[in-house]
Amino acid sequence: MERKIKIIATNRRATYDYEILQTIEAGIVLQGTEVKSLRNGQCNLQDAYAGFKSKNDHELYLFNLHINPYHHGTYANHDPKRPRKLLVHLREAIKLKSMVQEKGLTIIPLTIYFSGHIVKVKIAVVKAKRKYDKRETSKKKEAEKEIKKRFVG
């Protein structure tokens, strides 16, 4: 039985600023008030990235993910930008760590969504685009729009 997917937030600038090499679905460890805020759609992936806290650590964390404090929360409300642990298999974490250290790549979140009642994050291993690469991408998009416009309309 397939779980119903409800997208909470997407990182729209990711495809413009980065070249996506690989994507992985990961679980995320959250507090109760964070889940309630996510149900209200109060999340920002703009400056978020994933990484490891130390060189010897194999636990992947998501940094700078901003989840607004729950407006009905009490003194136990969460910190909006605290590091959140991502749930991936150990061999995937080791593979990601080696890619980041050896090749100078980055791990960023693309989307955060509900899969049934579980919160999941789609992360990607990316390589930063240069300025001329961004220009090439925008030129290709403009050309594709023009072709569609001519043939459809």
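The values are calculated or read from the model by the stated rules, or taken from the named source; none is laboratory data. Predicted model, so just to flag it, every value in this text is computed and none were measured. Every residue, glycine as well, gets a Cβ built from its backbone with ideal geometry; the counts of neighbours run over all protein chains shown.
Computed values, structure above
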read-out: Condition check for Ile123: under 19 Å from Ile7 (Cβ atoms) and modelled with pLDDT of 85 or more; value: yes
read-out: All positions within the stretch 18-35 that are touching a residue at least 12 places away in the same chain (Cβ under 8 Å) and either part of a loop (DSSP other than H, G, I, E, B) or farther than 14 Å from Leu87 by Cα (or both); value: Tyr18, Glu19, Ile20, Leu21, Gln22, Thr23, Val29, Leu30, Gln31, Thr33, Glu34, Val35
read-out: The stretch 129-148 residues that are in contact (Cβ under 8 Å) with a residue 40 or more places away in the chain and under 20 Å from Leu21 (Cβ atoms), paired with ones that are among the β-branched types (Val, Ile, Thr) and surrounded by 11 or more Cβ atoms within 10 Å (Cβ to Cβ) (beta carbon under 9 Å, 6 or more apart); value: Lys129/Thr137; Thr137/Thr15
read-out: Exclusive hit being surrounded by fewer than 16 Cβ atoms within 10 Å (Cβ to Cβ), in contact (Cβ under 8 Å) with a residue 24 or more places away in the chain and over 21 Å from Glu19 (Cβ atoms), set Lys81, Lys85, Lys55; value: Lys85
read-out: Spans of strands (runs of 3 or more DSSP E) in the stretch 79-153 with at least 1 residues out of contact with any helix residue (DSSP H, G or I) (no Cβ under 9 Å at 6 or more places or on another chain), farther than 22 Å from Asp57 by Cβ and not polar (S, T, N, Q); value: 106-115, 118-128
read-out: Residues satisfying the stated conditions in the stretch 68-78, i.e. at pLDDT below 80 and either surrounded by 14 or more Cβ atoms within 10 Å (Cβ to Cβ) or in contact with a strand residue (DSSP E or B) (Cβ under 8 Å, 6 or more places away or on another chain) (or both); value: Tyr70, Gly73, Asn77, His78
read-out: Test: residue in the stretch 109-118 that is loosely packed, with under 10 Cβ neighbours inside 10 Å and among the aromatic types (Phe, Trp, Tyr); value: no
read-out: Positions within the stretch 1-37 being of a type in the set (S, T, N, Q) and at pLDDT 85 or above, in sequence order; value: Thr10, Asn11, Gln22, Thr23
read-out: Breaking point among (1) surrounded by 14 or more Cβ atoms within 10 Å (Cβ to Cβ); (2) touching a residue at least 12 places away in the same chain (Cβ under 8 Å), for Lys95; value: (2)
read-out: Any hit, the stretch 45-67, residues being closer than 19 Å to Tyr113 by Cβ, at pLDDT below 85 and assigned to a loop (DSSP other than H, G, I, E, B); value: no
